[in-house]
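Let me begin by presenting the structure, written as structure tokens, before commenting on it.
The values are calculated or read from the model by the stated rules, or taken from the named source; none is laboratory data. Predicted, not measured: the structure shown is a model, and the values here were computed from it. Counting neighbours? That spans all protein chains shown, and the Cβs are built from the backbone with ideal geometry, glycine included. The area values use the complete protein model at the heavy-atom level, side chains included, leaving out ligands, DNA and RNA. Shrake-Rupley method; radii C 1.70, N 1.55, O 1.52, S 1.80 Å.
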Amino acid sequence: MRIPTDAVATSETDVLVLGGGIAGHRAAAAARQSGKAVSLAYMAKGASIFIIGCNAPFGHGDARDGPDIYFDDMVRGGYGLNDRRLVRLVADEATTAISELRALGVPFAAKDSRLLQRHLSGNTYPRSVYVPEGTGRVILDQLARQCQGLGVATLAGWKAIALLCDGGEVVGALLARPREPRLLAVRASAVVLAMGGIGRIYEDSTYPADVASDAYALAFDAGARLIDMEFVQFEPVVTVRPEACRGMEMPTAMLGDGATLLNAAGERFMFRHNPEHGEKRIEKARLSLAIQREIDEGRGLPDGSVLFDTTQVPQAQLETYVAHVRRLRSAGLEPTKEGPHVRPAAHSEMGGVAIDEACWSGVPGLYACGESAGGLHGASRLAGNGGSDTVVTGAAAGRGAAASPVTLTGRNWTRIVDAAVGKLRAVEHDPGAATPDEIKQRIRALMPRAAGIWRWGDELAKAERELESLLQLTGAGLAAPDWPASVKALEARNMALTARLVVQGALARRESRGAHQRLDWPDQDDEHWLHHIAFLRGPAGEIVSGELAIH
């Protein structure tokens, strides 16, 4: 399937934002408010609509809270691996970001002009602000209205398949319609990656279908450095039963409001793992490990889960979780009388593109924010910090991109675009080869075994070899007889690359820290491993690994 370069439509803007979630919309709005022309391109809304709350140290939940306490919580919760520049950015600007959203009309729960703040796991004080009807969805709706009012050009239903690169600079992106043979090359002085995280490289995952590992692969191919890829957060309490709610995250804030975790014997087992506080004041990595241990050692429920006992939450407080209560009841479960069954599932990636406090990747013209970027969360992400990350780093990336020094004049655009189109041409293949869907399924089956909550060197080494073979297959040939299959083949390649980086990082890190737990290296080793593992693209496209000091 040859695509002539002159058949590719073109457009031009100052800042191109890739990603339709909260981080992308915040970046687009900030860049537009800086006086730049902005285009926002995305396939769908990503995981943002599932955000339950955002941490912000207003001190309304407890007057002792403040940015410095929040800063310390992030570093402690990240097991010391956090980039302090990014931690300071979020600690200092989270309240400003929430105030900006309130000014747009986001109706965060409040009483007598003071915000109501929930106490989420890993946080010293209650600091998560929320909208009872659904925090992420309401924020995103308001941001979309803001972007429309500011004159941001929206390109909905387009998938980024390659960045436009020239002389070591990023000068735009090539977009495709996944179901029809249409390409659009958008020239831009700066590109912001806000496309989410690893996507569904694990069989049991909370990621929506439109998040597909693409941000990491695009950045890697453009010469950006990726860090901390071994740290995959497993959301501790993801619904298994009722079946109609399968995959729904139960809020850890409910644990702060009185919900408990019970094993098959009805024991509140978390006091064995966290004697002083039980289900409270424990960050997500430790909570996930404790729940999984309970299941692995035979004390879980028959369906491989534990009970999330919602009956202990005062009903008035329980009803403030409007979306969750509604879904449980529609599935036939009355949460005042019984609770859902839950277990850990792959949820988020702490690693990603290495950035500075302006969200710059180090590659001229390329910026990243939200889950596409790494460094903020260290080895584990505080509950509620996914939302804070998107609203703060999204705006910072937009401001940073607006100041990009890259210019578009004097470039050979035919050559630049043809090189990007070649990414799609490379998937014309042997009809007898494996299909993209088959490759994806092999990755999803492999990752939980090799790089799940518990890891072992021998399994990681075996998985590394298998993933290298799959990565070579995606480069040498897949059965892609039509346009949709060709786009899927690129997705399969990006998934294989991302999975390879997760496994390679996990194999290299010979210690246990946060969300990375090696059964053969069970201790945390600050003397030898308090640094990032970084990956770069080598001259021939190979993966080059190294160490990166913590800022």
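Residue ranges 185-198, 13-26 sort as 13-26, 185-198 when ordered by packing (mean number of other C-beta atoms within 10 Å per residue, highest first). Listed values [x] 31.3; [y] 23.9; [z] 35.7 include one computed from this model; for mean projected area of the Cα convex hull in nm² that value carries the label [y]. Debye sum, Cα scatterers, the range 106-184, no solvent: what log₁₀ I/I(0) at q = 0.11, 0.24, 0.26 1/Å? Those come out to -0.59, -1.11, -1.18, one per q.
Our summary gives the range 166-285 a relative contact order of 14 percent, counting only alpha carbon pairs under 8 angstrom and 6 or more residues apart. Rounded to the nearest 10 Å², what accessible area does Ser486 have for a 1.4 Å probe in the complete protein model? The accessible area of Ser486 comes to roughly 0 Å². Coupling constants for the range 353-361 follow from the phi torsions by the Karplus curve (6.51 cos²θ - 1.76 cosθ + 1.60, θ = phi - 60°), and in residue order they are 5, 5, 10, 9, 5, 8, 6, 7, 7 Hz; glycine and proline get x.
Counting protein heavy atoms only, the range 331-393 has 50 percent of its accessible area on carbon and sulfur, 1.4 angstrom probe.
Per-residue Karplus couplings for the range 299-314, computed as 6.51 cos²θ - 1.76 cosθ + 1.60 with θ equal to phi - 60°, are listed in order as 9, x, 6, x, 8, x, 8, 10, 8, 9, 7, 7, 5, 8, 7, x Hz, Gly and Pro entered as x. Per-residue SASA remark: Arg326, around 140 Å² accessible (1.4 Å probe; ligands, DNA and RNA not included). Counting only heavy atoms of the protein chains and using a 1.4 Å probe, Glu466 has close to 70 Å² of accessible surface. Kirkwood radius and radius of gyration were both taken over the C-alpha atoms of the range 152-214, and their ratio Rg/Rh is 1.02. Remark: the chain carries 37 Å² of accessible area per residue (probe radius 1.4 Å; ligands, DNA and RNA excluded). Applying the Karplus relation 6.51 cos²θ - 1.76 cosθ + 1.60 with θ = phi - 60° to the range 46-56 yields 3J(HN,Hα) values of x, 8, 4, 5, 8, 5, 9, x, 9, 6, 7 Hz, where x marks Gly and Pro. Beyond 18 Å, how much of the Cα-Cα pair distribution for the range 259-417 remains, as a whole percent? Of all Cα-Cα pairs in the range 259-417, 70 percent lie more than 18 Å apart.
Quote the relative contact order of the chain in percent (integer), defining contacts as alpha-carbon pairs under 8 Å separated by 6+ residues.
21
Out of Tyr70, Leu40, Phe58, whose Cα points farthest toward the positive end of the dipole of the range 1-78 (charges: +1 Lys, Arg; -1 Asp, Glu; placed on Cβ)? Farthest towards the positive end: Leu40.
For the range 344-397 versus the range 504-551, the inter-centroid distance based on Cα atoms is 18 Å. Less than 5 angstrom separates the built amide H of Asp166 from those of Val171, all sequence-distant by 5 or more or on a different chain. Amide H contacts under 5 Å for Glu12: Arg187, restricted to partners 5 or more places along the chain or on a different chain, H placed in the peptide plane at 1.01 Å from N. Roughly speaking, to the nearest percent, how much of the range 23-71's 1.4 Å accessible area is carbon and sulfur? Whole-percent figure for carbon plus sulfur exposure: 51. The percentage of C-alpha pairs in the range 214-323 whose separation is greater than 25 Å is 32%. The amide H of Ala480, built 1.01 Å from its N in the peptide plane, has His429 as neighbours under 5 Å, considering only residues 5 or more places off or on other chains.
Taking all protein chains together and a 1.4 Å probe, the residues Thr260, Thr95 rank Thr95, Thr260 from largest to smallest accessible area.
The alpha carbon radius of gyration of the range 27-158, expressed as a multiple of 2.2 N^0.38 Å, is 1.15. Largest to smallest in accessible area, the residues Trp158, Trp529 fall in the order Trp529, Trp158 (1.4 Å probe, all protein chains included).
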